[in-house]
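The values are calculated or read from the model by the stated rules, or taken from the named source; none is laboratory data. This is a predicted model, so every value here is computed, not measured. Every residue, glycine among them, receives a Cβ derived from its backbone with ideal geometry; neighbour counts consider all protein chains shown.
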Amino acid sequence: MAAQETPLAGYRAKLLSRVEVADGTTAFHFERPAGFDFKAGQSADLTLQSPPETDGEGNTRTFSIASAPFENKLVFATRMRDTAFKRSLKAVPLGTEVKMDSAMGSFTLHKNPSKQAVFLAGGIGITPFFSILRQADHDRMPHKLYLFYSNRRPEDAPFLDDLRNLERTNPHFRFVATMTEMPRSQKPWGGETGTIDKGMLLRHLSSLEGPVYYIAGPPAMVTGMRAMLVASGVDEDDIRAEDFAGY
Ligand SMILES: Cc1cc2nc3c(=O)[nH]c(=O)nc-3n(C[C@H](O)[C@H](O)[C@H](O)COP(=O)(O)OP(=O)(O)OC[C@H]3O[C@@H](n4cnc5c(N)ncnc54)[C@H](O)[C@@H]3O)c2cc1C
């Protein structure tokens with residue numbers, strides 16, 4: 001994991017609501033503890049205290065903060081796999097407090113606005129980018145931002161409508177969603193299909209050289225995207241990745 005880790009501090013955050021944001025995918029909204037600061041794109045460790053059940057993986061998971069720093073609540077979104085941690089998070093009453101460590105990680109937007117940012121998200125890997133994009137919109141940041149967002153079906157894609165709206169409010173943002181398993185979908189789709197590859201990037205970017213690339217998602221997706229970028233001639237120094245270990 002990343003550098004820039006601040007010393008661990010214990011915060012307590014109260015669960016406010018659970019919202020289904022895609023098939024099998026829930027966003028958990030928490031009260032933002034006093035003094036909890038973070039940068040868009042960072043993550044935090046959440047620990048369940050006295051959960052109804054536990055298993056060998058323990059009571060702590062790392063999640064990217066999907067909400068933006070300007071907001072007064074904290075949102076985490078996750079695929080609700082059938083593990084003790086997630087069954088517990090789904091079952092505990094609203095108002096339950098979880099322990100939260102200080103935000104960590106350096107998966108944050110680069111400073112130089114003359115360099116474009118290209119975000120490549122696989123499924124739930126959208127969470128850090130959702131925070132970055134909403135903060136950039138809020139702050140009217142001048143960076144040119146591209147999001148390539150890959151899911152199996154629209155039903156599986158968290159925050160799809162919010163991202164479309166961001167493209168309307170931020171003139172510097174271009175959103176390209178792609179679906180890899182449309183035959184299994186019940187929804188219409190007029191956008192890109194298939195995995196993100198060099199051809200898809202070149203249909204939307206003027207050049208592959210120049211931007212800083214950010215990849216987030218399950219480890220296999222991150223490995224595949226990095227290899228694709230390098231094979232397409234992107235300098236490794238321009239690639240940053242957040243591996244959602246555990247998927
Ligand atoms: C920096 C960072 C940011 C992250 N951000 C997020 C985020 O925003 N959202 C998010 O959801 N996750 C995020 N993760 C991953 C998260 O920490 C968990 O590892 C992940 O959600 C899996 O937790 P779990 O309880 O489902 O599985 P765990 O109980 O942790 O199980 C881990 C292992 O068990 C196996 N396993 C368990 N269940 C299944 C299953 N149903 N199918 C196949 N294999 C299974 C897998 O091999 C997996 O490696 C992040 C991780 C990191 C390091």
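Can you tell me which residue in region 91-133 is farthest from residue 243 (Cα to Cα), limited to those that are among the hydroxyl-bearing types (Ser, Thr, Tyr) and within 13 Å of the chain's Cα centre (by Cα)? Per the criteria, the residue is 131. For region 38-71, a tally of residues being part of a loop (DSSP other than H, G, I, E, B) and touching an Asp or Glu at 6+ places or on another chain (Cβ under 9 Å) returns 5.
Check 83, 54, 62 and return the single one that is under 27 Å from residue 133 (Cα atoms), hydroxyl-bearing (Ser, Thr, Tyr) and surrounded by fewer than 20 Cβ atoms within 10 Å (Cβ to Cβ). Unique residue meeting the criteria: 62.
Pick out the one residue from 247, 149, 214 that is surrounded by 14 or more Cβ atoms within 10 Å (Cβ to Cβ), within 16 Å of the ligand (Cβ to nearest atom) and modelled with pLDDT under 95. Reasoning before the result, please.
Details: 149 fails: modelled with pLDDT under 95; 214 fails: modelled with pLDDT under 95.
Just a single option satisfies the conditions, and that option is 247.
Comparison of 164, 152, 168, 140 shows that the only residue that is in contact with a Phe, Trp or Tyr (Cβ under 8 Å, 6 or more places away or on another chain) and of a type in the set (Lys, Arg) is 164. Within the option set 80, 100, being near the ligand (Cβ under 9 Å from one of its atoms), touching a strand residue (DSSP E or B) at 6+ places or on another chain (Cβ under 6 Å) and farther than 26 Å from residue 146 by Cα holds for one residue only, 80.
Looking only at region 1-36, which residues are touching an Asp or Glu at 6+ places or on another chain (Cβ under 8 Å), away from the ligand (no atom under 14 Å from the Cβ), modelled with pLDDT of 95 or more and of a type outside the set (D, E, K, R)? Across region 1-36, the qualifying residues are 11, 13, 15, 16.
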